[in-house]
Amino acid sequence: MPPRTLYDKIWDDHVVDTQPDGTSLLYIDRHLVHEVTSPQAFEGLRVAGRKVRAPAKTLAVVDHNVPTSDRSKGIDDPEAATQIATLAQNAKDFGVLYFNERDVRQGIVHIIGPEQGFTLPGTTIVCGDSHTSTHGAFGALAHGIGTSEVEHVLATQTLVQKKARNMRVTVDGALPPGVTAKDIILAIIGEIGTAGGTGHVIEYAGEAIRALSVEGRMTVCNMSIEGGARAGMVAPDDKVYAYLDGRPMAPKGEALAAARRFWDTLHTDDGAHFDAEIRLDAAALPPIVTWGTSPEDVISVTGQVPDPEQIADEAKRLSKHRALEYMGLTAGTRITDIALDRVFIGSCTNGRIEDLREVARLVEGKKVNPNVNAMVVPGSGLVKVQAEAEGLDKILVAAGFDWREPGCSMCLAMNADRLSPQERCASTSNRNFEGRQGFKGRTHLVSPAMAAAAAIEGHFVDIRTWG
Amino acid sequence: MDKFTTLTGVAAPLEIVNVDTDMIIPKQYLKTIKRTGLGTGLFSEMRYKEDGSENPDFVLNQPAYRKAQIIVAGDNFGCGSSREHAPWALLDFGIRCVISTSFADIFYNNCFNNGILPVAVSQEDLYKLFDDAKRGANATLTIDLEAQEIRGPDGGVVRFDIDPQRKAKLLSGLDDIGVTTKEKGPAIDTYERQAAERRPWL
């Protein structure tokens, strides 16, 4: 057999059927379901008299719509309440395991999958959410799907797919202190553009990726979609095995030994072909801040807001002018002169325990700037419990952060957590699109460390020289 | 799902690159449990002012484009989230075809599951189609999926490529689940048995 990439291997292992034109039926091992993109899919099953084919391979949770305030007494927003009740009913009717808003295991779908050991190396994982790419950190083929596809997977446990091309992004060298997994992925998106990975699955490789924790790798894989790639992945290693050890749904005993033997084969063979190769030097990366309304609009914290007039292509130039106008920024402004109203720490990109530890370490004994409203939203109930066991909540609250209940929150602002028009936010989330965090709200994407320092100072600062 | 064969209609020019799914249908409209009724939310942050009234500058609010069935837009249309609410909103408004130089993968897939034809053309052809579209209701485009061509008001023709499988699906209007269950059911059963032996821990 010719040398294969990690993606090739997982793909080959899941093909049920291929037609002459390459259209394949791919078997899905793990299906995550949430309240926003599933109601129409379950309704479709009901209308057609179909069942969920493999309920044990399906896991449902509420995350997008739940308030991050106390929800023990119910949910005020009637539309959100309807959607949440609909998922609860669908899970019950179709026999799917469901974590409701009062369950400690509840949280953002891409945080709870790994946490429960539902996410495993070598599996195919889908969810009606584009940040499903997160699970690729375990050496899984994981990507977002639309609701019609959710229905297809529920009914058949398969997906109609054409194979994507292989792209490898190698990040050599070691990250400087203060520069994080978030800066790596923002730099990659800046390099390839938001459509650079379209039609590709990205494998992240190189010394700097291997040096990242599993949680850091999740941050990188999470934003593959912001670079246009539906899926991103990292070959599994001992760090992944250690992460999975003892997780409720991960294999144990003899099953684990067999799984490990298989997982050890999950790496790209020497000489395997990649359709595209990108290389970055980690040692040269600065802390990054986005200045515009596309995740590709990246700049070093030491830089200035760029001048769109320098762009030759007219449509692109106009789009970047539009972005600056929306963001209320002028070309040439130093990034460290940008003052902030809000700070959001959380999301499937950066709402895990290591992110919260980093923020707490940086702000301990300090105070949030009086002009800033800063909130921390743990990615899951178990992250929250862990953080509280370590006393992180006390440090954060003492510093003036708002400590919330878990969920997607202000990453997409479907619940009450949102920016007011023209409010400016340093956010550890993944999208700075117009209106993403609230109508006319202005988002700057940064790492948790950069967000923490910005909360204290009231403007961006270079984390490498701060404190 | 409605078939897509030939469509003749007004094309609205949306000269923005990276039109993302938050732009197409903002999150406040995602709380529905239905597929229909999302047309009022289509492009709402550009289409309505802060007080809820229509923004007369936005293309779909202009008299010539209120009944547009085609959108001509800049590169990388549909980037961002996987929300199928984006094609549902387009469809509910009456849009059956989007023309751009490129589309984000998930949005592209979602279109085909809803009877919407996304057409990728060259940058040069896109500029031509923008010119046609700017002439509003006086200049309709005809999209002929069978022939894989767009015919402009002045007799100009733009050819486009499309995957034969996806083309067939739009032409027939057939639902994937029925086809998979009927034609591939035994293959899925066999795969599941073999996979359970190979990877018993799953």
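No value in this document is a laboratory result; all are computed from the given coordinates. In this text the structure is predicted, and so the values were computed from the model without any measurement. Note: ideal-geometry Cβ built from the backbone for every residue, glycine included; neighbour counts use all protein chains shown.
Under 16 Å from a point placed 7 Å out from the Cα of B:Glu183 along the Cα-to-Cβ direction: which residues of the stretch B:158-172 have their backbone N that close? Counting only backbone N, you get B:163-172. Less than 5 angstrom separates the built amide H of A:Asp129 from those of A:Ile145, all sequence-distant by 5 or more or on a different chain. Treating r as the C-beta distance of A:Phe262 and B:Asn138 and R0 as 51 Å, the FRET efficiency rounds to 0.20. Given the options A:Gly206, B:Val98, A:Leu256, identify the residue whose Cα lies farthest towards the positive end of the charge dipole of the protein assembly as shown (+1 on Cβ of Lys, Arg; -1 on Cβ of Asp, Glu). Positive-most Cα among the choices belongs to A:Leu256.
Let me spell out the model: positive unit charges on the Cβ of Lys and Arg, negative unit charges on the Cβ of Asp and Glu, origin at the Cα centre of the protein assembly as shown. What dipole size does that give, in debye rounded to 20? Magnitude of the dipole: close to 1160 debye. Taking 0.36 nm per residue of separation and subtracting the Cα-Cα distance, full extension of the segment from A:Ala255 to A:Val104 would add 51.6 nm. Altogether, the Stokes-Einstein calculation at 10 °C and 1.306 mPa s, with the Kirkwood radius of the stretch B:6-174 over Cα pairs as Rh, returns a diffusion coefficient of 100 µm²/s. Phi angles across the stretch A:25-34 convert, under the Karplus curve 6.51 cos²θ - 1.76 cosθ + 1.60 with θ = phi - 60°, into 3J(HN,Hα) values of 9, 9, 7, 10, 7, 9, 10, 9, 10, 10 Hz, Gly and Pro given as x.
From least to most packed, judged by other beta carbons within 10 angstrom and beginning with the fewest, B:Tyr108, A:Tyr204 follow the order B:Tyr108, A:Tyr204.
The string of couplings for the stretch A:413-422 from the Karplus curve (6.51, -1.76, 1.60, θ = phi - 60°) is 6, 7, 9, 6, 7, 7, 7, 7, x, 6 Hz, one whole number per residue in order, with x for Gly and Pro. The relative contact order of chain A comes to 17 percent, based on Cα pairs under 8 Å that sit 6 or more residues apart.
Taking Cα centre as origin and charging only the Cβ of basic (Lys, Arg, +1) and acidic (Asp, Glu, -1) residues, the dipole magnitude of the stretch B:6-174 rounds to 620 debye. Each of A:Val47, A:Phe439, A:Tyr27 was scored by the projection of its Cα onto the charge dipole of the protein assembly as shown, and the greatest displacement toward the positive side belongs to A:Val47; charges sit on the C-beta of Lys, Arg, Asp and Glu. Counting every other Cβ atom within 10 Å of each residue's Cβ, A:Thr58, A:Thr132 order from fewest to most as A:Thr58, A:Thr132.
Can you compute the FRET efficiency between B:Lys3 and A:Arg210 using 1/(1 + (r/R0)^6), with r the Cβ-Cβ distance and R0 = 60 Å? Round to the nearest 0.05. Approximately 0.75, to the nearest 0.05.
Averaging the Cα positions of each part gives two centres, and for the stretch A:251-317 and the stretch A:193-232 these lie 5 Å apart.
Mean residue ellipticity, 222 nm, helices only, chain A: the sum of -39500 (n - 2.57) across DSSP H runs of n ≥ 4, divided by residue count and rounded to 500, is -9500 deg cm²/dmol.
Of all lysines in the structure, the ones whose alpha carbon falls short of 18 Å from that of B:Lys67, not counting any fewer than 8 places away in one chain, are B:Lys134.
When each of A:His459, A:His14 is scored by the number of other beta-carbon atoms lying within 10 Å, the sequence from fewest to most is A:His459, A:His14. As a calculated quantity, the FRET efficiency between B:Glu146 and B:Thr40 at R0 = 30 Å, using C-beta atoms, amounts to about 0.35.
Close lysine pairs were tallied over the stretch A:1-123: pairs 8 or more places apart or on different chains with Cα atoms under 25 Å apart number 4.
Remark on chain A: hydrodynamic radius 22.4 angstrom, per the Kirkwood mean of 1/r across alpha carbon pairs.
DSSP beta bridges confined to the stretch B:6-174 are antiparallel in about 50 percent of cases. Springs join every pair of Cα atoms under 10 Å in this Gaussian network model of chain B, and among B:Ile71, B:Ile106, B:Ile33 the largest mean-square fluctuation is at B:Ile33.
If you take the charge dipole of the stretch B:6-174 about its Cα centre, with +1 on Lys and Arg Cβ and -1 on Asp and Glu Cβ, which of B:Leu174, B:Asn18, B:Leu30 is farthest toward its positive end? Of B:Leu174, B:Asn18, B:Leu30, it is B:Leu174. Peptide B:98-111 is shielded by partner chain Cβ atoms: per residue, an average of 4 of them sit within 10 Å of its Cβ. Round to the nearest 10 and give me the degree value, 0 to 90, for the angle of helix B:123-133's Cα axis relative to the longest principal axis of chain B. Long axis of B:123-133 versus the principal axis of chain B: about 50 degrees.
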